[in-house]
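Quick notes on the structure that follows.
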Amino acid sequence: MDKNLIQRTISGIVYIAIIILCTTPLGAQLINSISPDLVQQEYLYYGLITFLLGVSSWECFKIMKFGNGYERWVVLPLIIFVFYVFSKRYFHFDFFFDFRFSEILALLLIVIAVVTLFKYPNELYYDSGKLIFMVIYVALPFSFALGLPKFSRFDDRFSLEVLFLFILIWSSDTFAYLTGKFFGKHKMAPKISPKKTWEGYIGGVVLTLVLSYFIEHYHPDLRGNWMVVGFLVAAFAPVGDLVESQLKRNFGVKDSGNIIPGHGGVLDRLDSFLICVPVVYLYFILEKFI
């Protein structure tokens, strides 16, 4: 058997296991079965998101190749500060949604950053542009991710929105790949990601909608309608992949890192997550008012 395939399989299983343990009550139950009341599930989730934020920030910092100006010294502290501000709001007062100007502004900034990457890439050759892009592209999505699950200390409840978001992203990627492999003819973005096709994109949307139907049917306690969430994930997950591909292409980088053997870096695994989280977060906000 191919050694690289074995490596990819093992690291993939470990990666999925960590996601499951940190986004469901299973993690706390497993740890507390060894030492009672040692940890609460929300702390495991917060630790996961913080770790992913830290690694992604470092990988993005290396990709963008900062110069020797002040920007290289303030970008990571600024990312930490933004994440802290969101952490304080979500974590200490239970995770919640609120229609605040700051959230809407942050979501608009993500759109502006993506448009800049594709339409005005020369802006990212300046360290000031790199600084702004990194804070928006990395800090804001992980900050929004803190607000997706619900938890209550009173009845020891931690909801499964993030787990199912990951599952839908994985399914979208897998279904799009398989559909594109067997039926793909029309390239979606040949200069950025040559293997992506419109047939694969449509297949990913349709088959992810089927999976989201079962999630909605068997988990009616989740926020929002998961048929809608499934459509949003399938529609925007490929965008996340294209964003990171374009970023690496602009700076002549193949992989964001090698922390996950056989899979590359954390950014390579979470490119779709970084775009889907703000989209789903916005849907959950609007769903409150519909």
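The values are calculated or read from the model by the stated rules, or taken from the named source; none is laboratory data. As the structure is a prediction and not an experimental result, all values here were calculated from the model. Cβ placement follows ideal geometry from the backbone for every residue including glycine, while neighbour counts extend to all protein chains displayed. Calculation scope for accessible area: heavy atoms of the full protein, side chains included, ligands and nucleic acids excluded. Shrake-Rupley method; radii C 1.70, N 1.55, O 1.52, S 1.80 Å.
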Checked PHE164, PHE175, PHE236, PHE158 against criteria (under 30 Å from TYR43 (Cβ atoms), within 22 Å of the chain's Cα centre (by Cα), among the aromatic types (Phe, Trp, Tyr) and modelled with pLDDT under 90); the one match is PHE158
Qualifying position, being within 26 Å of LEU222 (Cβ to Cβ), more than 17 Å from the chain's Cα centre (by Cα) and among the hydrophobic types (A, V, I, L, M, F, W, C), among VAL39, VAL74, VAL115, VAL85: VAL39
Restricting region 254-284 to residues that are in contact with a Pro (Cβ under 7 Å, 6 or more places away or on another chain) and farther than 15 Å from SER57 by Cβ, the one surrounded by the fewest Cβ atoms within 10 Å (Cβ to Cβ) turns out to be PRO278
Select from region 190-213 the residues that are part of a strand (DSSP E or B) and touching a strand residue (DSSP E or B) at 6+ places or on another chain (Cβ under 8 Å) and write down the one among them that is most open to solvent (accessible area, probe 1.4 Å). PRO194
Close pairs from region 120-136: first within 15 Å of TRP58 (Cα to Cα), partner hydroxyl-bearing (Ser, Thr, Tyr) and surrounded by fewer than 20 Cβ atoms within 10 Å (Cβ to Cβ), Cβ under 8 Å, at least 6 apart: PHE133/THR116
When region 237-287 is examined, which residues are found to be among the aromatic types (Phe, Trp, Tyr) and in contact with a helix residue (DSSP H, G or I) (Cβ under 8 Å, 6 or more places away or on another chain)? PHE251, PHE273, TYR281, TYR283
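So that you can scan it fast, the table gives a plain yes or no per residue for (1) under 23 Å from ILE136 (Cβ atoms); (2) of a type in the set (S, T, N, Q); (3) at pLDDT 90 or above; (4) touching a Ser or Thr at 6+ places or on another chain (Cβ under 9 Å):
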{"residue": "GLN7", "(1), (2), (3), (4)": "no, yes, no, no"}
{"residue": "SER11", "(1), (2), (3), (4)": "no, yes, no, no"}
{"residue": "ILE16", "(1), (2), (3), (4)": "no, no, yes, no"}
{"residue": "LEU21", "(1), (2), (3), (4)": "no, no, yes, no"}
{"residue": "CYS60", "(1), (2), (3), (4)": "yes, no, yes, yes"}
{"residue": "ALA106", "(1), (2), (3), (4)": "yes, no, no, yes"}
So PHE175, is it of a type outside the set (D, E, K, R), in a helix (DSSP H, G or I) and more than 26 Å from THR23 (Cβ to Cβ): no
Residue that is farthest from TYR125 (Cα to Cα), among those in region 237-268 that are assigned to a helix (DSSP H, G or I) and hydrophobic (A, V, I, L, M, F, W, C): ALA237
Residue hits (region 214-236; small (Gly, Ala, Ser), assigned to a helix (DSSP H, G or I) and in contact (Cβ under 8 Å) with a residue 60 or more places away in the chain) are GLY230, ALA234
Grab the helices (runs of 4 or more DSSP H) fully contained in region 1-70, keeping just those with 3 or more residues being out of contact with any Asp or Glu (no Cβ under 9 Å at 6 or more places or on another chain), open to solvent by 20 Å² or more (accessible area, probe 1.4 Å) and touching a residue at least 40 places away in the same chain (Cβ under 8 Å). 3-23, 41-64
Output the residue which, of all residues in region 72-97 that are in contact with a Leu (Cβ under 8 Å, 6 or more places away or on another chain), farther than 25 Å from ILE259 by Cα and not in a loop (DSSP other than H, G, I, E, B), is modelled with the lowest pLDDT. PHE91
Cβ pairs under 7 Å, 6+ apart, first in region 162-189 and under 16 Å from VAL239 (Cα atoms) and open to solvent by 30 Å² or more (accessible area, probe 1.4 Å), second among the hydroxyl-bearing types (Ser, Thr, Tyr) and in a helix (DSSP H, G or I): ASP173/SER272; PHE175/THR208; MET188/TYR201
Can you tell me how many residues within region 237-263 are out of contact with any Gly (no Cβ under 7 Å at 6 or more places or on another chain), free of Cβ contacts under 8 Å to residues at least 12 places away in the same chain and not small (Gly, Ala, Ser)? 1
